Amino acid sequence: MSINVLVSTMISGAISKLVELPNAYIINGHCYDKVNIAPVAQSFFTLPASSACESVLKEMSTIGNGFVGLKTKQSYIQDMNDPNIVYLVPNLNTNANATGINFFYKLKKNSYKYTVVGKSQMMAIASKGDYDIIGDDPTYVYVSARHNNEYFSIFRVNKESLVCTELNIQAAGNANRTVYTVYPQVVNGHIYMSVADYASSKFGIVDVDLSTWTKTAYLGTAATLKGFQYSDISIDDAGIGILHAYFMPNVNELWRMDFNPVTKELTDVKVNTLSNIPITTGSDTNLSYLHFMVNKDYIIMAARHERTVPTGVAERKILLWKIETDNSVTFKGYLDPEFAYTNFLFSEVDDLLFVANSVRVDVIAITVDRNLNRVQSLTPSYLHTLGRDSNGNIFFINNDTSAHVMNREIPIKLITTLGNIPADGFAGTPIPTDITFKMENHLGEVKNGKVRVDLLGPAVFTDGSQSKDIDIVGITKISILIVNFGDITINAVNI
């Protein structure tokens, strides 16, 4: 007699509740098709986590529950030579070494099934999260790690043996308390990072030569208040690929660093002076940092915070500059979020900035004419992580590990408006009026959908009913009748 196995995988202990992989989501350990969000039979993948059950998306910003300020730009990549091999790093809110949790996984992909073929623990550093896969070459995968909220290392993991080797960027006299790498790949056998050097109070570029596994710091001239800033790095497409990064040595000057990777020459120059812009500096004490994001033809500055107690980012302004065709920089304006946000997520493709704390997320668009426009303010329930997947969907993951997704085609806001009613009100004859319905996505764009509407009080639809399912196409008006005295309530929900 044969036995049919229904489930051969047991899921126990703390695991990541939501994991994104190249063609699938892993939800509570079960694989789902990434396109249709349909469960895949007999396909399981369990990723151990700390008691916080950290989720793993392509790009993440952590907001609450002991996670404040951690960021990931690239949590997984496919092998450069074999797309069926996937490398994954979880963003952990725990000391990976002390808890025995692996920080690096090598996976084998077969359709929608993922098998762990190797894993590695980090070197002996007291480290919490903020891991990123920078890229790979034929021999190694390169991972960055910011640990203890202050220091930074690059790890190379041998693809076959999974032996992990650390290069401490903080060491050798360069106490670089804030470091940001160039994404998303290794550049001609080098990794480049913008740094705020704590020891010298200067900004610069660190060049990691992967052939020798050594680093060299090149510092600029402008002094600043210790290490409190990050900058993305942009690369010129033409010629030898000059690297650019931006920083503010004081509260009213924007400077640019230019680094030549061939001659190893670094220059820095003031590109814009602000006037009457009420911003404050970052704080080493509160671990509150300014972050410059360089995208297309603009630079946007927001703040991030790196403490479990979210203090120090309140009323932080968001600034925007436009990069002109001659490389000069024009200040376009600023936006005051008017609430204490702790972290942000920047969607470069969509020109969108999400600033958030545990109970509020504002969606800010960078307009075509390069201005800041707040298009939506959302109210999550004790937000844990704000994430973006490789398809551009935005995820809210709450402290209780429940997850919500925002898609451009999915309406998240329903607006109902009751039409005009005569000033003298009901006078014994039914009063015709209407209800206007409008549905919007997280960008404030009008979308179509379906709602169930219940009328409470002395109002009916023209067929005499008080409940109806309505297809909303654009801005839709539905006729109703007021048939008596009293208060009218409109209950409408998406279905």
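Some points to look at:
- Among the residues making up segment 188-214, none is assigned to a strand (DSSP E or B), among the aliphatic types (A, V, I, L, M) and surrounded by fewer than 22 Cβ atoms within 10 Å (Cβ to Cβ).
- Qualifying residue in segment 353-363 (condition: closer than 26 Å to residue 293 by Cα, touching a strand residue (DSSP E or B) at 6+ places or on another chain (Cβ under 8 Å), surrounded by fewer than 18 Cβ atoms within 10 Å (Cβ to Cβ) and not hydroxyl-bearing (Ser, Thr, Tyr)): yes
- Residues that are modelled with pLDDT of 85 or more and either among the polar types (S, T, N, Q) or closer than 12 Å to residue 445 by Cα (or both), drawn from segment 403-419: 414, 416, 417
- Among residues of segment 441-454 that are within 10 Å of residue 411 (Cα to Cα) and touching a residue at least 60 places away in the same chain (Cβ under 8 Å), those with a beta-carbon under 9 Å from a residue that is of a type in the set (Val, Ile, Thr) and in a loop (DSSP other than H, G, I, E, B) at least six positions away or on a different chain give the pairs 442/410; 442/412.
- Positions within segment 30-49 being outside any strand (DSSP E or B) and surrounded by 17 or more Cβ atoms within 10 Å (Cβ to Cβ), in sequence order: 34, 45, 46, 47, 49
- The one condition from (1) at pLDDT 60 or above; (2) over 18 Å from residue 29 (Cβ atoms) that residue 97 does not meet is (1).
- Filtering segment 466-490 to residues that are out of contact with any Gly (no Cβ under 7 Å at 6 or more places or on another chain), assigned to a strand (DSSP E or B) and within 16 Å of residue 449 (Cα to Cα) leaves 468, 469, 470, 471, 476, 477, 478.
- When the residues of segment 215-230 are filtered to those that are part of a strand (DSSP E or B) and small (Gly, Ala, Ser), the one that is modelled with the lowest pLDDT is 223.
- Selection within segment 201-217 - over 20 Å from residue 155 (Cβ atoms) and of a type in the set (Ser, Thr, Tyr): 201
- Selection from segment 376-396 of residues that are aliphatic (A, V, I, L, M) and either closer than 17 Å to residue 316 by Cα or out of contact with any His (no Cβ under 8 Å at 6 or more places or on another chain) (or both): 383, 386
- Subset tally (residues that are more than 14 Å from residue 297 (Cα to Cα) and without any contact (Cβ under 8 Å) to a residue 24 or more places away in the chain) for segment 316-338: 2
- Considering only residues in segment 424-481 that are among the acidic types (Asp, Glu) and within 32 Å of the chain's Cα centre (by Cα), the one that is modelled with the highest pLDDT turns out to be 440.
- Hits in segment 46-88 - residues which are modelled with pLDDT of 95 or more and aromatic (Phe, Trp, Tyr): 87
- Here residue 31 fulfils each of the conditions (1) modelled with pLDDT under 90; (2) farther than 26 Å from residue 158 by Cα apart from (1).
- Residue check, residue 404 in contact with a Phe, Trp or Tyr (Cβ under 6 Å, 6 or more places away or on another chain) and either surrounded by 17 or more Cβ atoms within 10 Å (Cβ to Cβ) or not charged (D, E, K, R) (or both): yes
- Flag: residue 377 matches the condition of being free of Cβ contacts under 8 Å to residues at least 60 places away in the same chain and in contact with an Asp or Glu (Cβ under 6 Å, 6 or more places away or on another chain).
The values are calculated or read from the model by the stated rules, or taken from the named source; none is laboratory data. Remember, it's a predicted structure, so these values are computed and weren't measured experimentally. Because the Cβ atoms are built from the backbone with ideal geometry, glycine has one as well, and the counts that use them run over all protein chains shown.
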